[in-house]
1. Taking only DSSP H segments of four or more residues, each worth -39500 (n - 2.57), what value at 222 nm results for the chain once the sum is divided by all its residues, to the nearest 500 deg cm²/dmol?
2. Can you give me the relative contact order of region 38-258 as a percent, contacts being Cα pairs under 8 Å and 6 or more apart?
3. Taking other Cβ within 10 Å of each residue's Cβ, how do 93, 224 sort, fewest first?
4. Hey, in the GNM for the chain with a 10 angstrom Cα cutoff, which one of 280, 163, 235 fluctuates hardest?
5. Could you please rank 233, 238, placing first whichever residue has the fewest other Cβ atoms within 10 Å of its Cβ?
6. Roughly speaking, what is the stretch gain from residue 204 to residue 176, that is 0.36 nm per residue apart minus the C-alpha to C-alpha distance, in nm to one decimal?
7. Cα centroid distance between region 13-74 and region 168-201, in Å?
8. Give me the orientation-averaged projected area of the Cα convex hull of region 210-273, in nm², one decimal.
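Quick note: the coordinates plus some simple rules give every number you see, no bench work behind them. Just so we're clear, the structure is a prediction, and the values are computed from it rather than from any experiment. Heads up, the Cβs are rebuilt from the backbone with ideal geometry, glycines too, and the neighbour counts pull from every protein chain shown.
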């Protein structure tokens, strides 16, 4: 009996994120009489959380290296605005590039470039500028905000081409079981990031840097180069998130992705990515995203005031970080 208890505790400690998610699904299913677990509801949840999943994969890699990124929301906002500006109908009078039509790939490329440049800037400031990640990304958050407002003149970037909107708005499959393209994108991205972190030398370096940067440097790892890379890769993921957000909404403005940094950091923390670095899995990141999404969706489904939702989200972050720090206190 004692052995069973020990095994049970070990299982819960190892799969806390998954158990929590399953428990939430069960509770929500009971409270809503199963209505929240229909395919239509699940599809809505996937669409709502897909963009945040890309942002979470990016910041998750950064946190594994014992970093942080506060610029996510405004970088995604900027990327969405840049992508949308190249996808506007040329005849639209308020188009940023009135009268000019760009090829289909241009909005996607523009969003990726914007995200990659800000990721690169973050990485250089942290790795070679020796700025604390908190301060560096706090500064670039403001920079991204300013660039977005200047670029768009604080206007809504709307009237986008239907082909661009179809990137994130379409679903495939039979009428009774339509799978949103956004869900497929997230699945592909998660697999690629998982392969990178678990089966490449640089992915292993990220964990080593997060575990002990000095030991990693002594072992021959180019810590500065890898830190620049992880922020750059995250920036590319933010760029994809921005492109998809603009496509899903059919527009972009100064409020696009507002507060996404809070959601993404909360999701990966709930998903088991340790704030002390060196620990985290892609599966945990994705489960964390949908756990937070399920909480938000469940409270909305139950008509709980949005103000209380903010309280719950804040409490979840504090609790998750508290137990994370307690769990890895011995390692530190």
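1. Values: 14 runs with 236 residues, N = 332.
Counting only the DSSP helices, I get -24000 deg cm²/dmol.
2. Values: 381 pairs, mean separation 89.8, N = 221.
Result for region 38-258 is 41 percent.
3. Working: 93 6, 224 15.
Exposure proxy ranking, most exposed first: 93, 224.
4. Greatest mean-square fluctuation among the candidates belongs to 163.
5. Details: 233 21, 238 39.
With the fewest neighbours first, 233, 238 line up as 233, 238.
6. Values: separation 28, 0.36 × 28 = 10.08 nm, distance 4.23 nm.
Taking 0.36 nm per residue and subtracting the Cα distance, the gain is 5.8 nm.
7. 15 Å
8. Working: hull surface 22.8 nm².
Averaged projected area of region 210-273's Cα convex hull equals 5.7 nm².
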